[in-house]
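Student: The structure's right below; bear with me while I get my questions together.
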Amino acid sequence: MNTGTKLIKAHVGAFETFRTYHSHLELRKSFFDFFQSKKHEIVKSASVIPLENDGSLLFTNAGMNQFKSLILSSTEPRRVANIQKCIRAGGKHNDLDDVGKDLHHQTFFEMMGNWSFNDAFSKEEACKFAWDYLVEVLGIDSERLYVSYFGGIEKLGLPEDRECKEIWKNIGVPSHRILPFVAENFWEMGAAGPCGPCTEIHYDRIGGRDASSLVNIDDSVVEIWNIVFMSNVRDSSGKIYNLGRNHIDTGMGFERLLSVVQNKNSNFDTDVFIPILAKISSLTKKNLKYNGSVSSQEDAVFRLVADHVRASTIAISDGAIPDGTGNGFIVRKMMRRSFLQGNSKLGIDRFGLSDLVPTVISTLVGVKNVYSEVEKSSDKIINIFKEEETQFWKTVDKAKKMFDVGANENKSSTISGRKAFNLFETYGLPLSVTIEMARNLGKEVDEKEFERCQLEAQKLSQKASQFKLPVFAKDFPTHSDKEKYSYSFENGRYAFSKVPTTILQVYQNQEKVVVLKENEKGFVVLERCQFYAEQGGQKSDIGKLLADGRNVFEVESAKKLDNGSVTVLFGRALEPIQKDLRVEQQLDEKRREGVMKAHSATHLLNWALQRSGLGNGQKGSSVDCNRLRFDYSTGDDSLDKSQRTEALKHLEHILNEFIMKGGLTSVIETTLEEAKKIKNLQSDVKEDRIGDSSVRVVTLGSGVNVSVECCSGTHVHDVSIIEDVAIMSDKSMGQNLRRIVAVTGEEAKKCREYAEKVFEELSSTEFKERNKILKVLKRNLFSETFLYSRRLIGSLFLLPIRLGYRL
Ligand SMILES: [Zn+2]
């Protein structure tokens, strides 16, 4: 027999035992049905935007994120199953730069999983469920399945998981396909915290062979199901203890399983991607086709566009908005990458990708309202795409002009890396475009310098992610909130007490250290903490720790540990500091006062928007020293530009009247139940908050018209302290969604004075000259008043309000 026939035979053999085809809708349904029949509660996917308290995470990136509190503190047995939307982009699990290059990386994916909390089912049941679902329900050929289990680590006193091995034997898996592994089969949540052995089911994509030596080695054998037996806990010194109760956490990538049941080699060949790739093909001018090749650059862009538009669609439907920070920045980056690459590599029209959104949505809806929120917000998503496309190409064209000016003046044959980086940072112009433009002029870009600039910028932005600490809130006594609200008003200014306390622990580079040396950066946990940690949109306090009156630690930011009861300070030691040192806390008072003004002003803005009928509820906010950003829904909104300008002028007027009138602030603590009964409460009381039994209700102003909101932020004691609010911009962020940027206190005064000056100057100028002057003035305004906020560029509104112009 020649080898050709052998090959055909092998294929036919494999084909005969083949599993049933399931569409992605059928697969979802069968999963839910199966676990429902096993008495599991089917839980909806949590939002991909994590709850505000989980400071370290940009996006929900694993099925278990929403169950953390159940794992750490519950005792009640529960069986749960869900399919969780996950995004891995930015932060620790960053798949962004790999997407497109191979056949499997995705930023957005779905994670199927079932859980047993507090011994709700046994190890044996967990394995049996998994096996039965794959083999009995999906009809996957059991001959192609391999299982791995934990082989033990003697050093840590962790024995081989023989029980697990026996379970698989009893299920009927032949011994040579039950394989022990060590590192691969011990799961940990972090450097400290819950952990335990796990067992995995692997699938051989080729079949008709013994692939046991290829498990965890070769890409043709893929892991499809991971079952974690969470029975241990590791403390911060590295020791492992018994958790005292058992949880089981299982996870299975939806798209990968789909590729298995649909007999495809890649997730991109399954029916969740095929319609998207076909639509992309129809958007390309040359009618290019996706061929699933790893080496073709065009295919890579097909995959990148499909993935990024999918991820952005999901993120926006859960409330993310493309902008300059946090997860909004990642969404913007993904959208812009797909616009640029789609246009330059596939010839898609500049404004073509918003047309792809409906197709993406059609692949996500359809069964049991799994992602009904995506369908509901489809108009909003499409509009945000359109706006982002317009904005992006505008900035690219602008950046190109900037580039041309610089490049023509510059006689050398190299474009500096710093300049390329500035174009990237300011206009979002990717390096590849700058290189292309330079090439057209016969020049080169100093890419090394670009990288250095990028590294510098990364170091600055790493501050946020450094809050991943090998500690848990439970390792420390709870911080009382009282300290951060303790301040008095004396002689026309706020006085903040310098609360004395003791340093409980210092950390450097994620590790506990005895001493944080002079000039070293690190974390400090105090016994009592007065610093406000970033929460509810309000930025954190900064300040100092003093020992014997000397400044020993510069506090640069403050964040909350996992469940929010402990605050960690990040900053730089000016003198060596260590555990047990007595210190006094000194807030940056001017900044805190500015933040309080802006926060109270945010509540008033919300109140005035609702009262005037312009706004219909808050959608998000960010509060910093004397400035604020407020996103709101508009309801049915049919105002034209001039009507809106008038309405905003009026709104600003109402706000400032309220402030002038003054009125003492009242804060009461009450139960969630009682708060819900308050008639004119403006905030939506979050029902899903776990463990929040009491809420603070903040009332601003006096008389009948008062603003009442639930809020944990810090506020002025009397609204008259705000002095002034000036609205700087109000722009559309999508359908029925707008964003106001405003400044308060001194900043507002400065802006107002400047605008008056401009107004005077312009009214005495010939019409023709006005535009020229405006341009110069606009530049001055930014350099004088808004050096700190580049984000305001392009959204200046105050001048037009006053002048009746559009800049
Ligand atoms: Zn508030």
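Conditions (1) at pLDDT below 95; (2) more than 16 Å from the ligand (Cβ to nearest atom), marked per residue:
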{"residue": "520", "(1), (2)": "yes, yes"}
{"residue": "524", "(1), (2)": "yes, yes"}
{"residue": "534", "(1), (2)": "yes, no"}
{"residue": "539", "(1), (2)": "yes, no"}
{"residue": "545", "(1), (2)": "no, yes"}
{"residue": "550", "(1), (2)": "yes, yes"}
{"residue": "565", "(1), (2)": "yes, yes"}
{"residue": "569", "(1), (2)": "yes, yes"}
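Student: Can you list residue pairs whose Cβ atoms sit under 9 Å apart, with the first residue in region 703-732 being farther than 21 Å from residue 676 by Cβ and β-branched (Val, Ile, Thr) and the second being away from the ligand (no atom under 16 Å from the Cβ) and assigned to a loop (DSSP other than H, G, I, E, B)? Count only pairs 6 or more apart in sequence or on different chains.
Tutor: Listed pairs, sorted by first residue: 719/662; 719/663; 719/702; 721/662; 727/797.
Student: Return the only residue of 146, 133 being more than 23 Å from residue 38 (Cα to Cα), within 38 Å of the chain's Cα centre (by Cα) and of a type in the set (Phe, Trp, Tyr).
Tutor: Working: 133 fails: more than 23 Å from residue 38 (Cα to Cα).
After applying the criteria, what remains is 146.
Student: Another question about this same structure. Which one is modelled with the lowest pLDDT, of the residues in region 46-95 that are of a type in the set (Lys, Arg) and in contact with a strand residue (DSSP E or B) (Cβ under 9 Å, 6 or more places away or on another chain)?
Tutor: 88
Student: Considering only strands (runs of 3 or more DSSP E) fully contained in region 476-556, which possess at least 1 residues that are among the polar types (S, T, N, Q) and assigned by TED's automatic domain parsing to the domain that holds residue 717?
Tutor: Hits in region 476-556: none.
Student: Another question, if that's okay. Conditions: (1) outside any loop (DSSP other than H, G, I, E, B); (2) at pLDDT 95 or above; (3) closer than 29 Å to residue 429 by Cβ. Residue 336 meets all but one. Number of the miss?
Tutor: Going through the list (1) outside any loop (DSSP other than H, G, I, E, B); (2) at pLDDT 95 or above; (3) closer than 29 Å to residue 429 by Cβ, residue 336 breaks only (2).
Student: Could you tell me whether residue 597 is in a helix (DSSP H, G or I) and without any contact (Cβ under 8 Å) to a residue 40 or more places away in the chain? Don't jump to the end; show me each part of the working.
Tutor: Details: in a helix (DSSP H, G or I): yes; without any contact (Cβ under 8 Å) to a residue 40 or more places away in the chain: no.
So residue 597 does not fit the description; no.
Student: Which one of the conditions (1) at pLDDT below 85; (2) more than 16 Å from the ligand (Cβ to nearest atom) does residue 498 fail to meet, given that it meets all the rest?
Tutor: (1)
This table checks each residue for (1) farther than 25 Å from residue 27 by Cβ; (2) assigned to a loop (DSSP other than H, G, I, E, B).
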{"residue": "84", "(1), (2)": "no, no"}
{"residue": "100", "(1), (2)": "no, yes"}
{"residue": "109", "(1), (2)": "no, no"}
{"residue": "112", "(1), (2)": "no, no"}
{"residue": "134", "(1), (2)": "no, no"}
{"residue": "167", "(1), (2)": "yes, no"}
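Student: Which of the residues spanning region 726-747 are in a strand (DSSP E or B) and either small (Gly, Ala, Ser) or not assigned by TED's automatic domain parsing to the domain that holds residue 651 (or both)?
Tutor: Narrowing region 726-747 to residues in a strand (DSSP E or B): 726-734, 737-744.
Of everything in region 726-747, those that are in a strand (DSSP E or B) and either small (Gly, Ala, Ser) or not assigned by TED's automatic domain parsing to the domain that holds residue 651 (or both) turn out to be 726, 729, 732, 734, 742.
Student: Something else about it: Within region 444-461, identify whether any single residue is part of a loop (DSSP other than H, G, I, E, B) and either at pLDDT 80 or above or loosely packed, with under 14 Cβ neighbours inside 10 Å (or both), and answer yes or no.
Tutor: Within region 444-461, one or more residues are part of a loop (DSSP other than H, G, I, E, B) and either at pLDDT 80 or above or loosely packed, with under 14 Cβ neighbours inside 10 Å (or both).
Student: Let me ask you something else. For region 609-627, name all the residues that are surrounded by fewer than 24 Cβ atoms within 10 Å (Cβ to Cβ) and either within 11 Å of the ligand (Cβ to nearest atom) or in the same structural domain as residue 503 (by TED's automatic domain parsing) (or both).
Tutor: Passing the criteria: 618, 621.
Student: What is the one condition in (1) modelled with pLDDT of 85 or more; (2) within 30 Å of residue 712 (Cα to Cα) that residue 471 does not satisfy?
Tutor: Looking at each condition in turn, residue 471 falls short on (1).
Student: Among the residues of region 632-650, is there at least one that is within 16 Å of the ligand (Cβ to nearest atom), in contact with a strand residue (DSSP E or B) (Cβ under 9 Å, 6 or more places away or on another chain) and not in a helix (DSSP H, G or I)?
Tutor: yes
Student: Of the numbered conditions (1) assigned to a helix (DSSP H, G or I); (2) buried (at least 20 other Cβ atoms within 10 Å of the Cβ), residue 322 satisfies every one except a single condition; which is it?
Tutor: Unmet for residue 322, out of (1) assigned to a helix (DSSP H, G or I); (2) buried (at least 20 other Cβ atoms within 10 Å of the Cβ): (1).
Student: Can you tell me which residue in region 702-722 is nearest to the ligand (Cβ to nearest atom), limited to those that are among the aliphatic types (A, V, I, L, M) and assigned to a loop (DSSP other than H, G, I, E, B)?
Tutor: Per the criteria, the residue is 716.
Student: Test residue 694 against the criterion of being under 19 Å from residue 485 (Cα atoms) and either surrounded by fewer than 17 Cβ atoms within 10 Å (Cβ to Cβ) or modelled with pLDDT of 85 or more (or both), and give yes or no.
Tutor: yes
Student: Applying the selection to region 592-608, what residues are more than 14 Å from the ligand (Cβ to nearest atom) and in contact with a Leu (Cβ under 7 Å, 6 or more places away or on another chain)?
Tutor: 608
Student: Just a yes or no: is a residue in region 661-673 more than 15 Å from the ligand (Cβ to nearest atom), in a strand (DSSP E or B), over 30 Å from residue 72 (Cβ atoms) and within 31 Å of the chain's Cα centre (by Cα)?
Tutor: no
Student: Regarding residue 409, is this residue at pLDDT below 80 and more than 30 Å from residue 81 (Cβ to Cβ)?
Tutor: Here the answer is yes, as residue 409 does meet what is asked.
The values are calculated or read from the model by the stated rules, or taken from the named source; none is laboratory data. Worth saying up front: this structure is predicted, and the values here are computed from it rather than measured. Cβ sites come from the backbone with ideal geometry, for glycine too, and all protein chains shown count toward neighbours.
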